[in-house]
1. Scan segment 113-120 and tell me whether some residue there is open to solvent by 60 Å² or more (accessible area, probe 1.4 Å) and part of a loop (DSSP other than H, G, I, E, B).
2. Of the numbered conditions (1) surrounded by fewer than 17 Cβ atoms within 10 Å (Cβ to Cβ); (2) at pLDDT 95 or above, PRO38 satisfies every one except a single condition; which is it?
3. With respect to the numbered conditions (1) modelled with pLDDT of 50 or more; (2) over 14 Å from the mean Cα position of the chain (by Cα); (3) open to solvent by less than 70 Å² (accessible area, probe 1.4 Å), which one is the sole condition not fulfilled by GLY11?
4. So for segment 55-72 (the condition being under 30 Å from ASP17 (Cβ atoms), exposed (fewer than 15 other Cβ atoms within 10 Å of the Cβ) and free of Cβ contacts under 8 Å to residues at least 24 places away in the same chain), does at least one residue qualify?
5. So ARG23 clears everything in (1) surrounded by fewer than 17 Cβ atoms within 10 Å (Cβ to Cβ); (2) closer than 20 Å to ALA85 by Cα; (3) of a type outside the set (S, T, N, Q) except one condition, right? Which one?
Amino acid sequence: MGQRAPSVLGGAPRGRDAADAGREAALRAFEHGVTRQPYLFARETLGGRDVVTLTGLDTRSRTPMRKVVWSQAFPDARVRDDFFAWLAVRVGRWEGWGGLAYPKGADGLTRHLLGLFATGLSPLPGGLS
């Protein structure tokens, strides 16, 4: 924990190339800074698809290995990176979210994240954490 999330959520209409390069640099620096987390979200391209994965450390085998416990594909890298930036701001919740996905499966985490988004978009007061 204690990692700072990148300042990548805002976009600039002018100088988009420079803004995109700065955003990518911030995301990469963030990714390199969180490698010791027990659960890691990562941006990946798998089979030509832009994906965010969540991996957890599987210590049941002789050699501990990271295991993908959740993934979500996106229509393009920009949308994937927007979602990853949203996750980065919430890095303090990654361990809890991994703890939800690891024993209960990917569907449980997907439902939880959709609930967070719906609450954030709702005009009604109240919210989830």
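1. The answer is no; no qualifying residue exists.
2. Every listed condition holds for PRO38 apart from (2).
3. (1)
4. So in segment 55-72, the residues under 30 Å from ASP17 (Cβ atoms) come out as 71-72.
Now restrict to residues that are exposed (fewer than 15 other Cβ atoms within 10 Å of the Cβ): none.
For segment 55-72, residues under 30 Å from ASP17 (Cβ atoms), exposed (fewer than 15 other Cβ atoms within 10 Å of the Cβ) and free of Cβ contacts under 8 Å to residues at least 24 places away in the same chain: absent.
5. Failing condition for ARG23: (1).
Listed here are the residues, each with its yes/no results for (1) in a strand (DSSP E or B); (2) under 17 Å from LEU113 (Cα atoms); (3) among the charged types (D, E, K, R).
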position: LEU57; (1), (2), (3): yes, no, no
position: ARG66; (1), (2), (3): yes, no, yes
position: TRP70; (1), (2), (3): yes, yes, no
position: ARG78; (1), (2), (3): no, no, yes
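The values are calculated or read from the model by the stated rules, or taken from the named source; none is laboratory data. If you're wondering where the values come from, they're calculated on a predicted model, not measured in any experiment. Note: ideal-geometry Cβ built from the backbone for every residue, glycine included; neighbour counts use all protein chains shown. Accessible surface areas use protein heavy atoms only, side chains included; no ligands, DNA or RNA. Shrake-Rupley method; radii C 1.70, N 1.55, O 1.52, S 1.80 Å.
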